[in-house]
Structure formats: structure tokens, C-alpha cells
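A short reminder: the numbers here are calculations on the coordinates, not readings from a lab. Only a predicted model underlies this, so the values are computations on that prediction, with no experimental measurement involved. Every residue, glycine as well, gets a Cβ built from its backbone with ideal geometry; the counts of neighbours run over all protein chains shown.
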Amino acid sequence: MRKRLLGAAWLASLTVVPVTASGCGLTRFTAPESVEVTEMTVTSPTVADAKALPARYACAAHSGLGRTPPLRWSGVLPGTPAAFAIMVDTPDASAGAYVNWVIVNIDGNTRELVEDARPASAVETVNTSGGIAYAAPCPRGGEGNR
């Protein structure tokens with residue numbers, strides 16, 4: 001699967017993963033055997049390649065609002081995955097790789113999250129700081145998030 005990440009514009013990388021589920025909760029994170037995804041594209045109308053991460057999506061320590069950015073993805077047939085999972089991480093954080101956000105069980109027909117969205121069916125999981133929420137990226141030593 002090829003994916004276009006926002007990572008070039010963002011110290012954090014973003015991954016949207018189609019997953020299958022069984023029973024009433026997510027129990028298996030495997031791609032369906034009968035479907036091959038050739039390309040999946042993830043974009044944001046407010047985050048651009050080689051541009052600073054807008055302050056509204058950065059940490060409060062750098063005058064940010066800590067909001068999740070709006071996201072759109074394409075390249076997966078509607079209804080093919082039972083759900084999506086999104087993981088945002090900062091691979092080059094000062095203390096090592098940092099998981100900013102993990103949200104799972106996003107309905108498989110969803111192709112967009114608006115700014116600061118938390119879909120009703122979705123479940124946020126623990127980030128590196130131990131919180132269960134989006135932990136906005138913070139630039140190191142005054143550097144801008146790019």
C-alpha cells in the first residue's frame with residue numbers, strides 16, 4: 001500500500017490504516033484478503049508540504065491550540081474496511097519517537113474528519129505521555145513544525 005503522508009509538512013507523521021473487525025469490538029487488525037488497496041492518499045486542507053504546522057494544531061507551549069487537523073483520505077473502496085485507525089507520531093522528538101494520537105474504530109465508510117473531530121464510534125487510546133487524547137506536536141528548541 002502506498003500512502004502520501006503529511007510528514008514532510010509536519011514533524012509528526014500520520015498513518016490512516018484500514019482494519020477489519022469481528023464481534024462487537026476491534027479484535028483483528030488485518031487487511032481483508034479479498035481486497036487489494038493499491039494507493040491510499042491522506043491530505044489536509046490546512047496542512048501543506050514544506051510549510052509550518054499551523055499554530056492551532058501545535059502544543060500550548062508554543063502558543064498552539066492543540067486541535068486535531070482536518071483530514072481526508074481516499075483510495076479505499078467504501079465499506080471495504082470495517083473501520084479505520086489513525087496514528088500520529090513524531091519520530092524525531094527530542095526524547096525519541098513520540099506517539100501523539102491513536103484513534104481506532106472510525107467507521108469504514110468515513111473518508112474525512114473535520115478539525116478536532118472525535119467520531120462517536122471511535123475510541124482514542126493511550127499516547128506516549130499516558131493520556132487518552134491528541135497530544136499536539138511541540139517543536140524542539142523553538143524550531144517550527146514542518
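Suppose R0 equals 22 Å; then what is the FRET efficiency for Asp107 and Thr41 from their Cβ-Cβ distance, rounded to the nearest 0.05?
FRET efficiency, Asp107 to Thr41: 0.70.
Could you run the Karplus curve 6.51 cos²θ - 1.76 cosθ + 1.60 with θ = phi - 60° over segment 64-77 and give me ³J(HN,Hα) per residue in whole Hz, x for Gly and Pro?
x, 9, x, 7, 7, x, x, 10, 9, 9, 9, x, 10, 5
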